[in-house]
Amino acid sequence: MRTTEYEKLDGLSLAKLAHAGQVGPAELMDCAISLAEDRGQAINALCNQDYDLGRKLAAEAELKGTFGALPFLLKDSGLASTQLASGVGSRVFAGLKAKVDSTLNTRFVADGFLSFARTTVPEFCMAPTTEAVQNGGPTLNPWDRARSSGGSSGGAAAAVALGIVPIAHGSDGGGSIRIPASCCGVFGLKPSRGLVPHGPARGEGWGGLAVDGVLSRTVRDTAAALDGIAGMELGQPYAAPARPKSYLEYIEGKFDRPLRIAKWTQAWNDIDVAPECLEAVAAAERHLTALGHEVTSAPLPPLKYDAFVDAIIDVMATSVTMTVNAYIRQVGAKDLPSLLEPAILDAYRLGEAMHAETYALAINRFHSVARLMETYLVDYDLVLTPTLTKPPVKLGEISMDDDFRSFRKKAGRYTTFLAVINASGQPAASVPLHWSQSNLPIGIQLVGRFGAEATLLRLSAQLEGVAPWRDRRPPAFEKAG
C-alpha cells in the first residue's frame, strides 16, 4: 500500500482491507512511520518514537478486535504503557516507563491498535497550546505554522490532520481533546465521566475533570473506538453511564423526533467571542435546522465563572504538587527550578502552600456545576456553542513563561465553553464544520446530557453527512508530503 492511498482512508476502511487480507499490518505500519518521519517531524507532533517497536508489533500482529492491526499513537499524558516511555511533556519525567499497562491501553491493544510513538503535549498537559520545552519547540498547526495546534492533545490532533494515523489517543481535563480538534480541523469527543477507565493505578484525574478518548477524521472511527474502550472497570470511583450495544451501529439510525438544541453565542463575563467562531455556530445552526432539528437561542446558566476558574487553578496546582512529590519520594530530590517551566513551578509552590479546605471547596464547586448543567439540559437535548472564543492562537500567545494563575486565567478566556463541561461530567464534541476566510479550521461544540454519547455521535454523523470535512487537507499536508 502506498502512503497516498493509506492517508485517504479512515481507520475502519483500513481495518476492512486488513481483515480481508488485501493489506498486511507491516504495510500499514510502514505507511504510518513514513508519514511520521516526514510530516510528524515537520510540525513536531511526536515524541518517544519507537519505530523498531512499531515494525516488530506489526510483523508479529494477529488481526483482532475492530481495527485489526492499525497504527496508533498514544498521547504523552502518562497513560501507562510498558512499551512506550512517557514524560508528560516535562523534563522531570522524561523517559519514564510504566511497570504495568493501564486498563485503557490494554483495551486499545485488544481492539487492534498498534502504538509506535507518543504525541506531544504541554508540560503536565496543563495548557491549551502544545509548546513544552521538553519537546524542543512548539507543535505547529498544520493549517498555519505560525499558530498553535491546540492543547493538550496538540500532537494527536495534528498527526490525525496530517494523515499519519486516522485515529489517535487523547485526553481532556479542560478541553484538551476539543481544543486541538477545533484548531486542526478533526473530530474530537470528550466522553462522560466514568465511561472510559482510568485504572488500575488511579481512579480519576484532576478531581474528576479529566477523561480519555480519541481524535479522528471521521465520526464513525470515534464511535467504533468508543465501542472498544468504554465500560467500567472493577473498583472505579464513578459509575459508567448506560450505553447502547454499539455506538457504531447507533449512529447509522435516525432520531424519532427533532432534537431541541440550545444555542450559546455569548460567554460568561462578557468575554469576547470572535466573529469567525460565531460564523461557525451560525453555519452549524443552518445545517441542524436543515436536518429538521430545532435550534433556540438560550441564556447561559448562572455560573460564577471567575470562581470556577479559580477552582480549576486550585485543583491543577494540587495535582502538580502531588505528582511531583510522589515521584521525588521514589527517585530522590530534583532541581525543580531548572526542570519545570515557570508556570508549572509556580503551580507546584501554590499546591504546597494550599489549605485542604481550599481544595475541598474547589471540588464542591465542580459538583455544583454538574447539578447546574444537568438541570439546564432538562429543557434541551443538546447545547450548541463555539468550541473556542477565537481562532487558533499564535505561537507564544498563551505562554508558560508566566505565573500559574495569570497563565490559567488567560487560558480560561480562550476555552470558556469547555472546562465547564469537564466539571459537569457530560459528554461534548468538537465538530469541524467551518473554515475561516483565511482557511483556519473553526470548530463548534455540541454538549449532551450525561451519558448521551450516542446522541452526540449520531448528530455529529448527520452533520458530517451534509457538510463532510474528511477530505479537507491542510496546506502543510501537501508541503510536508
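Values in this text are rule-based calculations from the coordinates and carry no lab data. What you are looking at is a predicted structure, and each value in this text was computed from that prediction instead of being measured. Virtual Cβ from ideal backbone geometry, glycine too; neighbours counted across all protein chains shown.
Per-structure values
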item	result
Cα gyration tensor shape for the stretch 394-437, rounded if a/c is under 1.5, else prolate or oblate	oblate
Rounded, prolate or oblate (a/c below 1.5 giving rounded, otherwise prolate when a/b exceeds b/c) for the stretch 356-481 by Cα gyration tensor	oblate
DSSP-defined beta bridges in the stretch 3-480 - what % are antiparallel, rounded to 5	70 percent
Peptides 83-89, 66-72 ordered by average Cβ neighbours within 10 Å, highest first	66-72, 83-89
Span-rule helices in the chain, defined as complete DSSP H runs reaching 15 Å or more along the axis (Cα) with Kyte mean at least -1.0	25-35, 219-229, 275-290, 305-331, 342-353, 356-376, 453-466
Which labelled figure in (1) 1.11; (2) 1.00; (3) 0.94 is Rg/Rh (Cα atoms, Kirkwood Rh), once derived from the coordinates	(3)
Computed [θ] at 222 nm, deg cm²/dmol, the chain (DSSP H ≥ 4; -39,500 (n - 2.57); rounded to nearest 500)	-11500 deg cm²/dmol
Calculated FRET value between THR375 and LYS97, using beta carbons and R₀ = 60 Å, to 0.05	0.85
For GLY150, residues with placed amide H under 5 Å, excluding near neighbours	THR130
Cα centroid separation, the stretch 9-38 to the stretch 103-164 (Å)	20 Å
Magnitude of the charge dipole, the stretch 3-480, Cβ model with Lys/Arg +1 and Asp/Glu -1, debye to 20	340 debye
Dipole magnitude of the stretch 392-481, debye to nearest 20 (Cβ charges: Lys/Arg +1, Asp/Glu -1, about Cα centre)	120 debye
Cα lying deepest toward the dipole's positive end in the chain, options ALA36, THR106, SER319, charges on Cβ	THR106
The stretch 117-264, dipole about Cα centre (Lys/Arg Cβ +1, Asp/Glu Cβ -1), debye to the nearest 20	420 debye
Other-chain or far-sequence residues with amide H under 5 Å of ALA210's (modelled H)	GLY205
Residues whose placed amide H lies under 5 Å from that of LEU114, excluding near-sequence neighbours	LEU70, PHE72
Mean Cα-pair separation over length for the chain, i.e. relative contact order, pairs under 8 Å, 6 or more apart, %	17 percent
Residue-wise HN-Hα coupling along the stretch 206-218, computed from phi with Karplus coefficients 6.51, -1.76, 1.60 (Hz; x: Gly, Pro)	6, x, x, 6, 8, 9, 10, x, 9, 10, 8, 7, 10
Flagged links, alpha-carbon separation over 18 Å, of LYS263/LYS409; LYS75/LYS97; LYS8/LYS75; LYS304/LYS409; LYS390/LYS410	LYS263/LYS409; LYS8/LYS75
Cβ crowding within 10 Å averaged over residues, with 329-340, 179-190 ranked highest first	179-190, 329-340
Farthest positive-ward along the chain dipole, Cα basis, beta-carbon charges - from GLY396, MET126, ALA242	ALA242
GLU279 versus LEU291: modelled label distance in nm, points set 7 Å from Cα along the beta carbon direction	2.2 nm
